[in-house]
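First comes the structure, then the notes that go with it.
The values are calculated or read from the model by the stated rules, or taken from the named source; none is laboratory data. The shown structure was predicted, so the numbers you read here are calculated from the model rather than taken from an experiment. Reconstructed Cβ throughout: ideal geometry from the backbone, glycine too, with neighbour counts over all protein chains shown. Just the protein is used for accessible areas: all its heavy atoms, side chains included, with ligands, DNA and RNA removed. Shrake-Rupley method; radii C 1.70, N 1.55, O 1.52, S 1.80 Å.
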Amino acid sequence: MEEKVKKTFYVTTPIYYVNDVPHIGHAYTTIIADALARYQRLTGKKVFFLTGTDEHGQKIEKTAAEKGLSPQQLADQVVVRFKDLWQKLNISYDYFIRTTEKFHVEGVQKIFKKLLDQGDIYKGSYQGWYCVSEENFLSEDVSLEPDGYKICPECGRKAVLLQEESYFFRLSAYQQALLDFYEAHPRFVRPPGRMNEVISFVRQGLKDLSITRTSVKWGIPVPDDPKHTIYVWFDALHNYVTAIGYDWNPELFASFWPADIHLIGKDILRFHAIFWPAFLMAAGFDLPATVYSHGWWLKDEAKMSKSRGNVLDPHFIIDKAGADALRYFLLREIPIGLDGSFSHQGFVHRINSDLANDLGNLVQRTLTMAVNYFEGQLPALAEENEADRELAKHWTETKNKVYDLYDDQALNRALEEIWFFLNVVNKYLADNEPWKLANQPENRARLARVLYQALCSIRGASYLLYPVMPETSVKIWELMGEKRKPAGLLTSDLDFYDYQPGGKISRTKAIFPRIDLNEFISETNKSGVVAQPAPETGAKEKKMDYITYEEFKKMDLKVAKVIAAERVEGTKKLLKLQIDLGSEQRQIIAGVAETYSPEDLLNKEFIVIANLQPAVIRGIESQGMLLAAEVEGLAIIPFFNREIPPGTRVK
Ligand code: MSP
């Protein structure tokens with residue numbers, strides 16, 4: 001049977017709350033979506049890429065009041081900030097929806113009314129603990145604090161007890177239908193671990209969902225009962241259907257719905273993987289193919305967020321390193337799904353090593369040779385030899401792998417493959433030594449061939465990079481004298497040997513200048529964004545006191561997991577930690593209490609030296625030592641960016 005190939009691709013980001021200006025976390029989701037949209041356009045699909053802002057609700061009402069603005073004024077101001085950043089990051093969205101737009105408001109009301117008329121929505125009364133910041137009633141298993149309040153587990157703020165007349169969505173009626181759907185579509189939620197989380201949550205039983213508020217004025221009024229406004233999540237989720245024509249352009253709607261992929265952060269998974277499909281089932285819409293839930297960008301192990309005051313300003317990073325550098329770093333550093341820790345060292349290292357060295361140098365050297373040896377216009381080429389064929393073969397394999405990886409949203413793996421290929425090209429040049437051929441007049445044609453092979457490789461690699469680094473890709477093609485644009489060529493039409501410089505090859509400066517770490521950190525500090533101090537650099541001048549590998553091997557470095565933690569009484573600095581080392585449990589005394597509370601460290605993993613002679617500190621035995629950096633007198637523990645079995649050797 002002939003497989004039906006879908007000719008459209010509909011990708012969405014969450015719509016962002018307008019109480020916050022955009023930060024790296026928001027940029028991350030949007031960059032992933034942009035890379036997927038750009039790739040799918042290259043495959044020839046008609047793409048609709050939607051992003052926008054979530055403008056209703058108590059949170060916005062409250063922030064606006066604090067700033068002395070109306071909610072609409074606040075939204076209008078913050079929207080400009082989002083649009084600016086997206087422009088600076090070359091985000092190629094097709095539509096930017098604002099939930100205050102008329103067509104959206106009317107669409108949501110129409111769906112609400114339909115569900116009310118058919119009995120999926122009913123009127124009742126609700127009492128519960130409500131978190132204003134998260135716009136969410138707390139789940140009932142959150143227990144009361146000694147002072148009689150409940151604390152929101154998401155944001156740590158006090159919740160308020162609310163009782164109100166409310167309309168409910170009959171979520172409980174969809175429990176089995178949802179479970180059946182998950183079973184039939186195991187890739188509905190990605191990565192797979194998160195699908196399991198959702199299934200086990202739904203299996204525990206679903207309660208009906210309160211979907212209106214009388215306490216909130218800034219929201220979409222319930223049709224025919226305007227003292228109620230529609231709960232901001234019911235409103236917001238429907239942006240995915242109103243934006244592409246539900247209720248105003250049936251043709252557009254039919255060509256793009258259901259969505260191919262909703263990209264979201266892991267904190268909003270339940271809304272997208274449970275409530276949203278249930279709403280859609282009730283309204284009789286098809287369900288989206290995939291909800292892809294990515295991890296968080298952390299700063300110093302905490303989620304970056306405005307309320308924690310630890311956000312990094314993307315503008316600063318773009319101004320310093322360029323939009324493509326930030327896009328590359330965020331997509332290369334972690335697979336979608338895991339958390340990533342943004343460190344200045346990590347960022348600068350990636351830019352200098354991958355972009356300045358591996359890619360930038362290769363391009364600069366090759367173009368310079370083409371200009372120096374042939375004035376930018378290659379003459380007749382020698383026949384292909386075995387090494388040339390190998391390079392072309394490697395290219396084809398890379399291209400096929402990268403297409404598959406992009407199709408599978410494995411962006412960091414795709415970038416890894418492209419870099420692997422760049423290293424092959426660098427090696428090809430090292431092996432074929434064009435700089436030597438340049439001194440051998442009899443080898444002009446061979447020299448031209450070697451440079452042509454390298455140029456074809458660079459052209460091909462930068463085409464593959466286009467979804468992630470569009471500016472760089474276009475720039476490299478221009479420098480190569482390639483008259484076409486990467487976006488003008490379909491993936492199926494890309495051919496290694498199809499490089500025809502219609503123009504002249506140009507000499508170029510470094511396309512990614514190296515960044516100086518110390519300068520970067522001090523400028524970050526000046527810009528008011530949290531940064532870590534620069535490492536000691538004076539060490540280079542000192543004579544190294546080397547140890548041998550044998551000596552290093554004597555250290556038993558292991559991954560330890562904290563299973564209990566408490567302060568050592570009478571001290572400011574010390575914590576007593578019980579740690580799991582896989583095969584045994586130990587107790588260590590660590591001088592980290594000025595940086596971490598016992599709760600901070602519970603269940604955390606770090607590296608300890610397990611065979612350090614035990615010591616007695618303040619009368620308590622310490623059976624090992626954890627590794628930490630000392631920064632202005634504070635101990636900073638290096639944590640892992642994924643879970644590792646306790647006891648794993650570190651070498
Ligand atoms: N308005 C809702 C979404 C409604 S979608 C129908 C919302 N908005 S938000 O502005 O708070 O967050 C939007 C997205 O940004 C979420 O997916 C969230 O996970 C993501 N991020 C916010 N901070 C983040 C990090 N520090 N790291 C990565 N992504 C994070 O939720």
All conditions in (1) crowded, with 20+ Cβ neighbours inside 10 Å; (2) touching a strand residue (DSSP E or B) at 6+ places or on another chain (Cβ under 9 Å); (3) of a type outside the set (Val, Ile, Thr) are true of residue 341 except (1)
Expected output for the stretch 11-26 (first residue within 20 Å of residue 273 (Cβ to Cβ), partner among the small types (Gly, Ala, Ser) and more than 7 Å from the ligand (Cβ to nearest atom), Cβ below 6 Å, 6+ apart or cross-chain) is 11/33; 11/37; 12/259; 13/33; 15/52
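Determine which member of the set 327, 308, 332 is more than 18 Å from residue 86 (Cα to Cα) and modelled with pLDDT of 95 or more. I'd like the intermediate steps shown before the answer.
On the way: 327 fails: more than 18 Å from residue 86 (Cα to Cα); 308 fails: modelled with pLDDT of 95 or more.
It is 332.
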Practice problem: State whether the residues of the stretch 43-55 include one that is touching a residue at least 40 places away in the same chain (Cβ under 8 Å), within 17 Å of the chain's Cα centre (by Cα) and more than 14 Å from the ligand (Cβ to nearest atom). | Solution: yes
Does at least one position in the stretch 25-32 carry a residue that is buried (at least 24 other Cβ atoms within 10 Å of the Cβ), more than 10 Å from the ligand (Cβ to nearest atom) and under 24 Å from residue 258 (Cα atoms)?
yes
Subset of the stretch 274-297, residues under 23 Å from the mean Cα position of the chain (by Cα), open to solvent by less than 20 Å² (accessible area, probe 1.4 Å) and among the aliphatic types (A, V, I, L, M), comes to 274, 291
Checked 170, 157 against criteria (open to solvent by 40 Å² or more (accessible area, probe 1.4 Å), within 19 Å of residue 238 (Cα to Cα) and either within 35 Å of the chain's Cα centre (by Cα) or among the acidic types (Asp, Glu) (or both)); the one match is 170
Filtering the stretch 194-212 for residues that are in contact (Cβ under 8 Å) with a residue 24 or more places away in the chain and either open to solvent by 50 Å² or more (accessible area, probe 1.4 Å) or within 16 Å of the ligand (Cβ to nearest atom) (or both) leaves a count of 8
Checking 130, 149, 126, 122 in turn, the sole residue that is open to solvent by 70 Å² or more (accessible area, probe 1.4 Å) and either more than 14 Å from residue 279 (Cα to Cα) or modelled with pLDDT of 85 or more (or both) turns out to be 149
If you go through 374, 347, the only one that is of a type in the set (Phe, Trp, Tyr), under 23 Å from residue 642 (Cα atoms) and touching a residue at least 12 places away in the same chain (Cβ under 8 Å) is 347
When restricted to 409, 364, the only residue open to solvent by 30 Å² or more (accessible area, probe 1.4 Å) and not basic (Lys, Arg) is 364
Selection over the stretch 33-56 where residues are open to solvent by 10 Å² or more (accessible area, probe 1.4 Å) and at positive phi yields a count of 1
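Restricting attention to the stretch 173-193, which residues are under 30 Å from residue 335 (Cβ atoms) and open to solvent by 60 Å² or more (accessible area, probe 1.4 Å)? Break it down into steps so the answer makes sense when it comes.
Start the filter on the stretch 173-193 by keeping residues that are under 30 Å from residue 335 (Cβ atoms), which leaves 178-193.
Those that are under 30 Å from residue 335 (Cβ atoms) and open to solvent by 60 Å² or more (accessible area, probe 1.4 Å): 180, 183, 184, 185, 186, 187, 192.
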Residue pairs within 7 Å by beta carbon, gap of at least six or interchain, first lying in the stretch 380-405 and over 15 Å from residue 456 (Cα atoms), second acidic (Asp, Glu) and assigned to a helix (DSSP H, G or I), listed first then second, are 401/417; 402/417; 405/417
Being under 30 Å from residue 187 (Cβ atoms) and in contact with a strand residue (DSSP E or B) (Cβ under 6 Å, 6 or more places away or on another chain) narrows 333, 397 down to just 333
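Among the residues in the stretch 601-619, are any under 24 Å from residue 341 (Cβ atoms) and without any contact (Cβ under 8 Å) to a residue 40 or more places away in the chain?
First pass over the stretch 601-619, keeping only residues under 24 Å from residue 341 (Cβ atoms): 601-609.
Narrowing the set further to residues that are without any contact (Cβ under 8 Å) to a residue 40 or more places away in the chain leaves 601.
Yes: one or more hits.
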Residue set 430, 410, 414; condition touching a Phe, Trp or Tyr at 6+ places or on another chain (Cβ under 6 Å), modelled with pLDDT of 95 or more and aliphatic (A, V, I, L, M); output residue 414
Flagged pairs (Cβ under 7 angstrom, 6 or more apart or on separate chains; first in the stretch 246-273, open to solvent by 60 Å² or more (accessible area, probe 1.4 Å); second more than 15 Å from the ligand (Cβ to nearest atom) and not β-branched (Val, Ile, Thr)) are 247/106; 247/110; 248/103; 270/201
Checked the stretch 217-240 for anything within 11 Å of the ligand (Cβ to nearest atom) and out of contact with any Pro (no Cβ under 9 Å at 6 or more places or on another chain); matches are 232, 233, 234, 235, 237, 238, 239
